[in-house]
Amino acid sequence: MDNPLPTLAISTSYLLFLWLGPKYMKNREPFQLRKTLIIYNFSMVFLNFFIFKELFMAARAASYSYICQPVDYSDDPNEVRVAGALWWYFISKGIEYLDTVFFILRKKFNQVTFLHVYHHCTMFTLWWIGIKWVAGGQSFFGAHMNAMIHVLMYLYYGLASCGPKIQKYLWWKKYLTIIQMIQFHVTIGHTALSLYVNCDFPHWMHYSLICYAITFIILFGNFYYQTYRRQQPRRDASSSSKAGKVLSNGTLNGLSKAANGAVVMGSKDEKPQENSGRRKRKGRAKRD
């Protein structure tokens, strides 16, 4: 961990793949990675649970304070265990670059948003700084909270990878975003409290963490609004137009509101016209 070059090289390669990957896939069929995604996502569930468990147990054994915990650079077994768990947390952020790789190989380019890239690239790169200078103490709090949230996230992704039979039960996606935003607010509150009590932890790290969390609140808040709040009227309209089945399988999601209305209203209006035509024919038959 003395040299930042490997971390910077991996992050630079990641950004280079973001540029070259879509060009490579432009005229190619998307890869079908269902089994790979299932294995990957559930492996990340176990890795993040391991990190959470290690941080929680080691911090508890070392009698860590949730309000103020200075970094202990000694060879105490519990402190070494905390540092080891934080190292795995750092490694997990590098592994998460595969999220983007899989999106590009499957030609899900719309998923590779600024938020997605910013989150992945900065977490891995900045956590090298955390491991280098503060591998313990207050650092355990955000890492063990984030690891637990990633257990839920990758559990969702893993179940979603299993196919439509499981996907119909995954109604709780938006709550993952809410939990993430709560995490950032808790991080700011916890860090501000540490500053208030003048905790013996690098203040530059505290201030940097607050600024970093604010960027996530803005980006995740915008994502939540654009994805769930802004589209709410559209969803309400579709649900009231006999579209329950459509929403569950997504068959007609590409249709505009006008098209959906034409399909529904057309099916209702055509029958009376047919019936009226039959009545006219019957009337003519009787006259003849």
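The values are calculated or read from the model by the stated rules, or taken from the named source; none is laboratory data. Remember, predicted model here, so these are calculated numbers, not experimental data. Reconstructed Cβ throughout: ideal geometry from the backbone, glycine too, with neighbour counts over all protein chains shown.
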Given the criteria buried (at least 17 other Cβ atoms within 10 Å of the Cβ) and under 18 Å from the mean Cα position of the chain (by Cα), does A147 qualify? yes
Just one of (1) part of a helix (DSSP H, G or I); (2) of a type outside the set (G, A, S); (3) modelled with pLDDT under 95 trips up I217, so point out which. (3)
So, in segment 1-30, exactly how many residues are modelled with pLDDT under 95 and surrounded by 12 or more Cβ atoms within 10 Å (Cβ to Cβ)? 2
Checking M205 against (1) surrounded by 13 or more Cβ atoms within 10 Å (Cβ to Cβ); (2) at pLDDT 95 or above, which single condition isn't satisfied? (2)
Hey, any hits in segment 171-191 for a residue that's out of contact with any strand residue (DSSP E or B) (no Cβ under 9 Å at 6 or more places or on another chain), at pLDDT below 95 and assigned to a loop (DSSP other than H, G, I, E, B)? yes
Being of a type outside the set (A, V, I, L, M, F, W, C), in contact with an Asp or Glu (Cβ under 6 Å, 6 or more places away or on another chain) and not in a helix (DSSP H, G or I), is that true of even one residue in segment 66-79? yes
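Let's see how each residue does on (1) without any contact (Cβ under 8 Å) to a residue 40 or more places away in the chain; (2) among the aromatic types (F, W, Y); (3) on the phi > 0 side of the Ramachandran plot:
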| site | (1), (2), (3) |
| --- | --- |
| F52 | no, yes, no |
| P70 | no, no, no |
| S74 | yes, no, no |
| G94 | no, no, no |
If we ask which residues in segment 116-144 are surrounded by fewer than 17 Cβ atoms within 10 Å (Cβ to Cβ) and free of Cβ contacts under 8 Å to residues at least 60 places away in the same chain, their number turns out to be 2
In segment 35-45, is there at least one residue being within 22 Å of M123 (Cβ to Cβ), in contact with a His (Cβ under 6 Å, 6 or more places away or on another chain) and polar (S, T, N, Q)? no
Yes or no: G158 exposed (fewer than 13 other Cβ atoms within 10 Å of the Cβ), under 18 Å from Y40 (Cβ atoms), out of contact with any His (no Cβ under 7 Å at 6 or more places or on another chain) and not acidic (D, E)? no
